[in-house]
1. Each residue of the range 123-139 in turn: what ³J(HN,Hα) in whole Hz from Karplus with 6.51, -1.76, 1.60 and θ = phi - 60°, glycine and Pro shown as x?
2. Tell me, 129, 110 in order of fewest to most beta-carbon neighbours within 10 Å?
3. Between their Cα atoms, which of 123/152; 102/177; 118/209 are more than 27 Å away from each other?
4. Could you list 89, 65, 40 in order of exposure, starting from the residue whose Cβ has the fewest other Cβ atoms within 10 Å?
5. Please work out the Cα center distance from the range 37-81 to the range 114-181, rounded to the nearest Å.
6. Counting Lys and Arg as +1 and Asp and Glu as -1, what is the net charge of the other residues whose Cβ lies under 14 Å from the Cβ of residue 120?
7. Can you pull the one-decimal nm distance between simple spin-label points at residue 244 and residue 189, each 7 Å off the Cα toward Cβ?
8. For a bin width of 10 Å, list the pair-distance distribution of the range 202-264 built from all Cα-Cα distances, rounded to whole %.
Amino acid sequence: MPEQTFGGDDDSSGGDVKEPKKLDLSKYGLSPDSNIRDIFWKIIGSYAATKEPGVELSTNAHDRFALMRTAVSILSRPHNNQHGVSSKFIVLYSLMMMLDGKWYDALSEFLEITSEEKMNVKKEVIITFKKLAGQDKYKNQIIEYFMQLIRKRDTVSIGLEYLAGIENTELIMQLNKELIILARGDIGKNQMNAINAILLIKEDENVRKTLIILLSHWDSEARLIAAQALIGIKSEDIHEAAKKRLSLENDPEIKKILQRLSNK
C-alpha cells in the first residue's frame, strides 16, 4: 500500500494549493510501545486534516522537548521525510502544536535552533509566525509569548531577531514600550533589531522621540538608521534636533541626511 501523504493548508502567500486530503488517522493510532515519532506524526496528521492536534497536548507535555526535537530532526533532513509533508507545513503544524500546548520553553529552543543558518528554515518560521499572528486564535498568545521572550536576558536576542523579521504592526504596537527601552539602552545586534522592529511604527510619538534621541547615539550605525527613518516625517522637533546635531556629526553620510532633515 503506498505511503499516505498529508494535505496542505491555506497558504496566504499565494500560488495554487491543493485541497488537504482527508487522513485515515487510525493509521497513526498509538500502541503502548509507540515511540515519539509516532506521537509526532499523529499530531501532525491531525493538524493537516482538522487543524487540531488530535490528542490532549497536556498529557504529552513531559515529551514536549522530544516532540520539538523530532520536528527539528525532520526539518534538518527533509530527504528522510517518509510522509511527504513539506518543510513549510512541518513548521506550521509544529508551531501550532507548541502554541496550543503553551510549550513556550520548547518553542524558544525551537527558534534558537531554526535560526541557525545551516537549518535553512528561519525564513519559513518567520513567514509562518506572520500568518499565525494574523489569526484571532493565536494573535494574543503570540504577543504574550514574545513579551516573555524580550523581557528575559537569556531569550531577548532570539526574540528581537524574530520580531524584526515578522513585521506585524499590531504585535510591535503591543510591545513598543519594551522595544523602545531596548532600542535606547541595549547594544549591538539586540539594539539594531529593536530599532528595526519599532521602525514599523515610526509615526508613533514615542518612537519618533526615540529616533530623535538616537541621532546623538555613540554608535554611527544607530545614528544612521535613526536619521534615515526620520526622513519624510514632518515634525518641528525633528527639524530642531537635526540642526543641533549637524555641527557635531562627523560621518559624511549621516551629515548629508541631517542637512536634509534640518531644512524646512
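Just so you know, all these numbers are worked out from the coordinates, no wet-lab data involved. All figures in this text were calculated on a predicted structure; none of them were measured in a lab. Using ideal geometry, Cβ is built from the backbone for each residue, glycine included, and neighbour counts are taken over all protein chains shown.
1. Couplings: 4, 5, 5, 5, 4, 5, 4, 4, 5, 5, 5, x, 9, 4, 4, 10, 3 Hz.
2. Ranking 129, 110 by Cβ neighbours within 10 Å, fewest first, gives 110, 129.
3. 118/209
4. Result, fewest neighbours first: 65, 89, 40.
5. Centre-to-centre (Cα) distance: 22 Å.
6. Residues near residue 120 contribute +2 overall.
7. In this crude label model, residue 244 to residue 189 measures out at 3.4 nm.
8. 25, 63, 12
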